[in-house]
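The values are calculated or read from the model by the stated rules, or taken from the named source; none is laboratory data. Note that the coordinates shown come from a computational prediction; the quantities given were computed from them, not determined experimentally. Cβ: placed from backbone, ideal geometry, glycine included. Neighbour counts: every protein chain shown. For the accessible areas, the whole protein counts, side chains as well, though only heavy atoms, and no ligand, DNA or RNA atoms are used. Shrake-Rupley method; radii C 1.70, N 1.55, O 1.52, S 1.80 Å.
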Amino acid sequence: MPSSNRRCLLLPGVTFRGSHYVQPQLSQSQLSFSDLFLDPKTGKVRSRQVRTCLCFSLWSCRMIPSPGVGVQVLSRHVRLCAFDGAQVLSNIHTVRATYNSKSPKTWSFSPRMTGILPALLDGDCFLRCSAASPDLGILFELGVTFIRNSTGERGELSCGWAFLKLTDQTGNPLPNRTYELLVNGGTPHEKDVVMEESAIRGAGVFHQMLAARQQPRLIIKLKSSNRRTRTQLSLLPDTLLNCLSCLQLLSLYRQLLADTLLMDRPTMQNADLICSPVLSTFPGLLDQPDLLDALRTAWLEAESSMSRAQRRDSSYLKQDFVKVYMSSVYFLLRSPSLPRYRWADPPSEEQRARVIYATMDALKHTRNTTGQSGGPEFSVDPKREHLAFDITELAFDLLSVAR
């Protein structure tokens, strides 16, 4: 196990969460928005092109040191963000790795499995970033969450970091191909790692080859995207990093946000509370991947029953998205039986999975029986408890959430 002084660099506090970056950003005057506009010709969200917009896949990590005895590993994961060599420029996104005891030094991503791949395991990601730094790249930090068997102490330690600069020496974007990145120790600001590498170069060629094969590496692949993906990406905030499997949900949320803030408000200077359960609660799903998976499952089921014309009708999609949201995860958000989300806590994750599955199954049964989304019968069922009403579950407060 890495020593306790190797603390993690990328810990997503409130400022670097996806729920923060998905909110609208105010302009310098704070009287309008800098990243949310309507197209006057179509009435839809105006697409915005940013300096950096790309898709990539986390492939695997190799030769990662195995933890020592006396600890139980709760999670192996990679945290990643946009980085310019000096500061974090985006939200910090986390992808959990899968692990095979037969190959203890190899981490894998996006495992093949039946059903929908959980967002937490999805290594297919996108990055949008408006920063103009010539040194812009993606910073990856490999981490392990563990618990000590002797004391029960929980902790999270860094297993190293890697950086992929997104332009070549001439300033052109990197080509779409696979890259093997050396995993370094220390921090991106330290220079002692470079000195260690120079010492290796002084050895013989054979020793250099052996040393290179033993170096921890992260393999990622930059890839192209289709037209639909590019269109959905253009509707998102100017800076955001997340998994591709949630792209449609994010784009639908942004379209609802634009309708509410740019069309339905009496004036652009009006900052009263807005009654919108979807807008007030959806961003929180980005901090609870299992609830995001529940919404994605419900939306895919609804989309499978749509006609081709309905899938192309943006007004219908937005209306149906609200119905699906209100008849699925909205009930879960107010359920007292759903434990608070806690990172890498197996008992909590298992209990949440049981509650989510049972609630979604009951909602589906009610919908099939009554033909109504959610149905009032489900809401007033005395067997189902709800948390005490809180105005925040209905009210979207622009002044408190805008960036």
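Here are a few things to note about the model shown:
- Residue within the range 262-282 that is surrounded by fewer than 19 Cβ atoms within 10 Å (Cβ to Cβ) and either over 27 Å from Leu399 (Cα atoms) or aromatic (Phe, Trp, Tyr) (or both) present: no
- Residue in the range 164-182 that is within 20 Å of the chain's Cα centre (by Cα) and among the aromatic types (Phe, Trp, Tyr) present: no
- In summary, strands (runs of 3 or more DSSP E) completely within the range 27-114 and bearing 2 or more residues that are farther than 24 Å from Leu250 by Cα occur at 52-62, 71-83.
- Looking across the range 324-366 at every residue that is charged (D, E, K, R) and part of a helix (DSSP H, G or I), the one that is least open to solvent (accessible area, probe 1.4 Å) is identified as Arg352.
- Qualifying residue in the range 53-63 (condition: buried (at least 18 other Cβ atoms within 10 Å of the Cβ), of a type in the set (A, V, I, L, M) and farther than 28 Å from Arg342 by Cα): yes
- Among the residues making up the range 20-42, a single one is under 15 Å from Leu256 (Cα atoms) and open to solvent by 70 Å² or more (accessible area, probe 1.4 Å): Thr42.
Yes/no per residue for (1) touching a residue at least 60 places away in the same chain (Cβ under 8 Å); (2) out of contact with any Leu (no Cβ under 8 Å at 6 or more places or on another chain); (3) closer than 17 Å to Gln248 by Cα:
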| position | (1), (2), (3) |
| --- | --- |
| Arg296 | yes, no, yes |
| Gln319 | no, yes, yes |
| Pro336 | no, no, no |
| Trp343 | yes, yes, no |
| Tyr357 | no, yes, no |
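- Within the range 119-173, tally of residues that are over 20 Å from Tyr21 (Cα atoms), in a loop (DSSP other than H, G, I, E, B) and hydroxyl-bearing (Ser, Thr, Tyr): 3
- Contact annotation: residue pairs with Cβ atoms under 8 Å, 6 or more positions apart or on different chains, pairing a residue in the range 391-403 that is in contact (Cβ under 8 Å) with a residue 40 or more places away in the chain with a partner that is basic (Lys, Arg) and not in a strand (DSSP E or B), are Glu393/Arg334.
- The set of residues in the range 296-316 being over 22 Å from Lys44 (Cβ atoms) and assigned to a helix (DSSP H, G or I) consists of Arg296, Thr297, Ala298, Leu300, Glu301, Ser304.
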